[in-house]
There are 2 protein chains.
Amino acid sequence: MTPSPASASADSAAGLSHGRVWNFSAGPSVLPMSVLEEVQHDLLNYKGQGMSVLEMSHRSKVYGNIISDAEATLRRVLKVPDNYSVLFLQGGGTGEFAASYLNLMASKAVREKQRKLGKPLKCDYLITGGWSKSGLKEVKRLGANANVVLDGVKSPSTGETVYNSLPPVSEWKLSKPEETAYVYYCENETVHGVETPANFVVDAVDPSVPVICDMSSNMLSRPVDVSRFGAIVAGAQKNMGPAGVSIVIVRKDLLERDESDPEVTRNLPSVLDWCYFDGAGSMPHTPPTFSIYVCGLVFKWAEAQGLEALSKLRDERSNMVYDEIDAHPEFFNGLVDKKYRSSMNLVFTLPTPELEAKFIAEAAERNMVQLKGHRSLGGIRISLYNAMPVEGARAFVDFMKEFYDKNH
Amino acid sequence: MTPSPASASADSAAGLSHGRVWNFSAGPSVLPMSVLEEVQHDLLNYKGQGMSVLEMSHRSKVYGNIISDAEATLRRVLKVPDNYSVLFLQGGGTGEFAASYLNLMASKAVREKQRKLGKPLKCDYLITGGWSKSGLKEVKRLGANANVVLDGVKSPSTGETVYNSLPPVSEWKLSKPEETAYVYYCENETVHGVETPANFVVDAVDPSVPVICDMSSNMLSRPVDVSRFGAIVAGAQKNMGPAGVSIVIVRKDLLERDESDPEVTRNLPSVLDWCYFDGAGSMPHTPPTFSIYVCGLVFKWAEAQGLEALSKLRDERSNMVYDEIDAHPEFFNGLVDKKYRSSMNLVFTLPTPELEAKFIAEAAERNMVQLKGHRSLGGIRISLYNAMPVEGARAFVDFMKEFYDKNH
């Protein structure tokens, strides 16, 4: 009565087996079919251990191997240098908004820099959409001396602030390096569909200033030069696994602290403290065991293909949809400047709200779901994460063509 | 190839089907077989939705129903009064150490009391074992004006502090009610096997002072009068579900704040802020969707039996093991004062470390695992949570008898 093992299924063709649909959710989002099948297969009895991973002590040898394998695989996939720690935490992207600020401000180097300056260092934020905006709000709440480097762009028609492009680097208001604790940005904005090109920000920032990048929604979708970053933070539930685990990749020198000064961690709860996790293999207390296990399977799946191949597939998927948008711009209105449009979350509108409703309803009849734009933006959004087979994007494009023909 | 649905299996007899073992882990720990089977059955396609819960948007209607059903079921099972909020958070017990302190100190009533007093209120901690000790350490780190109400008991032989009993209430050093922000205790200490009887603490504390109880390891194992508590906090991974979700049941008046004063939440990251979750149905951002789903299934399983029945089963399981311990006290040395010994985590030693190693090894041959005492205490610990069938405890007792006969 147990299901077939993972190896029995080919991901690319499995999207619509088992009565499944094309799931274009922005997150939590589609997982590789082979991962789900392996999880299902081992759910009552993990590899002869007589129990589910859901029930497994995090102090057992078997679980110790699961989490250390997950870390080792992620390190290989992303080519994480040895002077970086890889941590598994809880609290999602929102937790890491606070954690990034609190940990950086607790770092010895940052505190010494601040002492030298004699006044609070600036925390530089690039606001490129809803998610980085929330990050800024969180650190302001916690008392950060925040500086807004950029805040979207002005709409040429209305003069209002909109998040569909980035201003040129020459217009960015970066603080002076000697006055900056860190620079923070979100590389892919899932709500607004804006993606910052690789290395665009690190190239613009003085190398003495650590750059913190939220890669929640595009991690593992393309190669990344980890060595350019102070820290990379990400919730797992887009490209890496289920909700409930966050991944932090942080340069080890930023974890150095003056342990003799209790004020260093006065505002930093343990559960957000990167050092607390770093010193204990991500298990100073019970980690989100099952979510990490599933992430580990996704990492192995990603490793088997390689980031270069995943990156090509990502471009193939998103390009075919953008090509269809660009073929009929009067009907499919892409919301984002072509230079910065996301390969993960594609946002566009149709001529009328009625047509959008019809589009969503007819797509659902073809087993394509989660197409509605974020409530703050409206329109259509489809998310094409790593685990979405090219066939899913193709099915969507076929539907776009058909819908255009019937309704334009 | 899909597995049989949940209803096909009887929990009580299913412990050793599917090649499973008796899992006496202190947490994460055994789950009801029917829950695991339902999870497995629906893993690729949740009830015809065409996707796994692992992949499901938390903003979808289907997931909205999953989380609101989970909350409603827990409310029914625990008879949670309407003036209490039920929240699902991340960060485990450690997260709630900090959250309890930070949220209570942000509460309007507590801040007004403190203003009236003209100096920092006391946070009263009962230290009954390793877990409450960690709770105290965390709030001291965050700057709490902590008062230790009790710290285990003095060993009559060595005079050292030990955690195997509680001092009489007459010796507790509770702060004056008008000087106390809250009283905190952990009702069941998983490491030391000490359990505080129901209402023992709330009966001793002035009713004007909110009592915060960590019920991580005995929640749902007996009826509880929620109305006696300011807040009940718990990590799920003992009696309620998988790791990665924490449950908070908090009296709503304690969530009232002076919103005009930003200092109120200056040290309170959103991810630990009970109000942030309360205002958004536990979903101000992506919750640990899958863990909450599994908890919801466990709540339904608990509801089907009722807390009274679960409480009887718990006593049946633990009493049969304690009876065997008490029958041969020179061989099985129960570590805890009978009045306070835990019905969840039973700790004892054997005459020698060699016998303990032999005991653990021979138990493993009989498919009984996770018997080793916590690294700080040594000896044997078996955990008998809700989902452990009585048959599991019986198998263990049979083994104890056999081992005693051969080795005493």
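The values are calculated or read from the model by the stated rules, or taken from the named source; none is laboratory data. Predicted, not measured: the structure shown is a model, and the values here were computed from it. Neighbour counts are summed over all protein chains in view; Cβ atoms, including those assigned to glycine, are modelled from backbone coordinates with ideal geometry. Heads up: the accessible areas ignore ligands, DNA and RNA and are worked out on the full protein's heavy atoms, side chains in. Shrake-Rupley method; radii C 1.70, N 1.55, O 1.52, S 1.80 Å.
Annotations for the structure displayed:
- Taken one residue at a time, the phi angles of the range B:129-134 give Karplus couplings (6.51, -1.76, 1.60, θ = phi - 60°) of x, x, 6, 5, 4, 5 Hz. Gly and Pro are set to x.
- With semi-axes defined as the square roots of five times the eigenvalues of the C-alpha gyration tensor, the equivalent ellipsoid of the range A:35-186 measures 40, 22, 14 Å, largest first.
- Label 7 Å beyond Cα on the Cβ vector: A:Q114 copy-to-copy distances, nm: 2.0
- DSSP bridge pairs, the range B:93-220: antiparallel proportion in percent, nearest 5: 25
- Residues whose placed amide H lies under 5 Å from that of A:L384, excluding near-sequence neighbours: A:N345, A:L346
- Counting only DSSP H runs of at least 4 residues, each contributing -39500 (n - 2.57), and dividing by the residue count of chain A, the helix-based mean residue ellipticity at 222 nm comes to -11000 deg cm²/dmol.
- Going by accessible surface with a 1.4 Å probe and the largest first, B:Y84, A:Y404 read A:Y404, B:Y84.
- Compared with its chain on its own, the range B:52-74 contains the following residues whose accessible area drops by 40 Å² or more in the full protein assembly (probe 1.4 Å; ligands, DNA and RNA excluded): B:L54, B:E55, B:S57.
- Only beta bridges with both residues in chain B are counted; by DSSP, about 55 percent of them are antiparallel.
- Among B:S157, B:S227, B:S318, residue whose mean-square fluctuation peaks in a GNM of chain B (springs only between Cα atoms under 10 Å): B:S157
- Eigen-decomposition of the gyration tensor built on the alpha-carbon atoms of the range B:306-407 gives equivalent ellipsoid semi-axes of 21, 15, 13 angstrom, largest listed first.
- Other residues with beta-carbon under 14 Å from the beta-carbon of B:V245 carry, at +1 per Lys or Arg and -1 per Asp or Glu, a net charge of -1.
- Per residue, the accessible area of the protein assembly as shown comes to 36 Å², computed with a 1.4 Å probe over protein heavy atoms only.
- Comparing B:L54, B:L126, B:L255 in a Gaussian network model of chain B where C-alpha atoms under 10 Å apart are linked, the largest mean-square fluctuation is found at B:L54.
- Chain B - Kirkwood radius from inverse mean 1/r over Cα pairs (Å): 22.3
- Interface size A-B, as summed buried accessible area [1.4 Å probe, Å², nearest 100]: 5500
- For the protein assembly as shown, the convex hull drawn through the C-alpha positions has a volume of 161 cubic angstrom per residue.
- Inter-copy label distances at B:G143 (7 Å, Cα→Cβ; nm, one decimal): 0.5
- For the range B:218-278, taking Cα atoms only, Rg and Dmax work out to 14.0, 41 Å respectively.
- Between the range A:93-145 and the range B:30-102, the alpha-carbon centres lie 32 Å apart.
- Among beta bridges that DSSP assigns inside the range A:61-303, antiparallel share in %, nearest 5: 50
- Sorted from closest to farthest, the other copies place their B:R375 label points 4.5 nm away, with each point set 7 Å from Cα along Cα→Cβ.
- Nonpolar atom fraction for the range A:61-303, defined as the carbon and sulfur part of the 1.4 Å probe accessible area, stands at 49 percent.
- Compactness of the range B:61-303 - radius of gyration and Dmax, Cα, Å: 17.6, 62
- Max mean-square fluctuation residue, GNM over chain A, Cα-Cα springs under 10 Å, options A:S29, A:S216, A:S376: A:S376
- Loop sites in the range A:358-401: trypsin sites (Lys or Arg not before Pro), DSSP, at most 10 other Cβ within 10 Å: A:R375
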